[in-house]
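K.L.:
The structure under discussion is supplied below as structure tokens; questions concerning it will follow.
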Amino acid sequence: MASARPGGKKYAILVCGDPVAPVLAKHGDFESRFVRLLSSEGGEGEQWDAFRVFDGEVCADLASYDGVVVTGSKFDAHGDNPWILDLMRDLRECHRRQQRLLGVCFGHQVLARALGGEVSRAEKGWCLGANEIAFDVAAVAQSCGGGPPPPPP
């Protein structure tokens, strides 16, 4: 966790599980990984606090954060574990307060589920690790207000 200077931004990382051993060894834990990837200038002047929500750790004052990151997990985003239901309640409150939210993998599924979005299982089943994806520039432009979607191929 970096110390925030006066006026610095403050972020919460809601950790939803530990990375598998080979990923942990290569890339580190979720807290250090997200601070490294998302902080500006190495986090100088920012405060990053991690809460292991899957272990029952609670952030007593989530409203005091400028933004909230929800990590990936090996757990089922469709599950009704008590900690997942508590997390969804907290995310609805963050949304109501118009806090900035970022969900990654499991995190985005739980966020969508919490806000009433449709979440479904992948047809090929659960997978873990680096996967090749295609980036559809036209679809991204469309989702950002760039006009009607392109016709199907």
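The values are calculated or read from the model by the stated rules, or taken from the named source; none is laboratory data. Bear in mind the structure is a predicted one, so any value in this text is a computation, not a measurement. Cβ coordinates were reconstructed from backbone atoms using ideal geometry, including for glycine residues, and neighbour counts include every protein chain displayed. When the accessible area is computed, the model is the full protein with side chains, heavy atoms only, and any ligands, DNA or RNA have been set aside. Shrake-Rupley method; radii C 1.70, N 1.55, O 1.52, S 1.80 Å.
K.L.:
Considering only residues that are in a helix (DSSP H, G or I) and either buried (at least 16 other Cβ atoms within 10 Å of the Cβ) or of a type outside the set (A, V, I, L, M) (or both), which ones fall in the stretch 10-34?
P.N.:
Scanning the stretch 10-34 gives 22, 23, 26, 27, 30, 31, 32, 33, 34.
Yes/no matrix, rows are residues, columns are (1) farther than 16 Å from residue 107 by Cα; (2) in contact (Cβ under 8 Å) with a residue 60 or more places away in the chain:
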site: 9; (1), (2): yes, no
site: 16; (1), (2): no, yes
site: 21; (1), (2): yes, no
site: 39; (1), (2): yes, no
site: 51; (1), (2): no, no
site: 58; (1), (2): yes, no
site: 71; (1), (2): no, no
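K.L.:
Here is a follow-up. Out of everything in the stretch 90-116 that is of a type in the set (A, V, I, L, M) and either closer than 19 Å to residue 56 by Cβ or within 13 Å of the chain's Cα centre (by Cα) (or both), what residue ends up being most open to solvent (accessible area, probe 1.4 Å)?
P.N.:
Ranking the qualifying residues of the stretch 90-116, first place goes to 102.
K.L.:
If you scan the stretch 40-87, which residues turn out to be over 27 Å from residue 8 (Cα atoms) and out of contact with any Phe, Trp or Tyr (no Cβ under 9 Å at 6 or more places or on another chain)?
P.N.:
If the condition is that a residue be over 27 Å from residue 8 (Cα atoms) and out of contact with any Phe, Trp or Tyr (no Cβ under 9 Å at 6 or more places or on another chain), then 78, 79, 80, 82, 85, 86 are the ones that fit.
K.L.:
Filter the stretch 30-85 down to the residues that are polar (S, T, N, Q) and under 15 Å from the mean Cα position of the chain (by Cα), then identify the one that is nearest to residue 97 (Cα to Cα).
P.N.:
71
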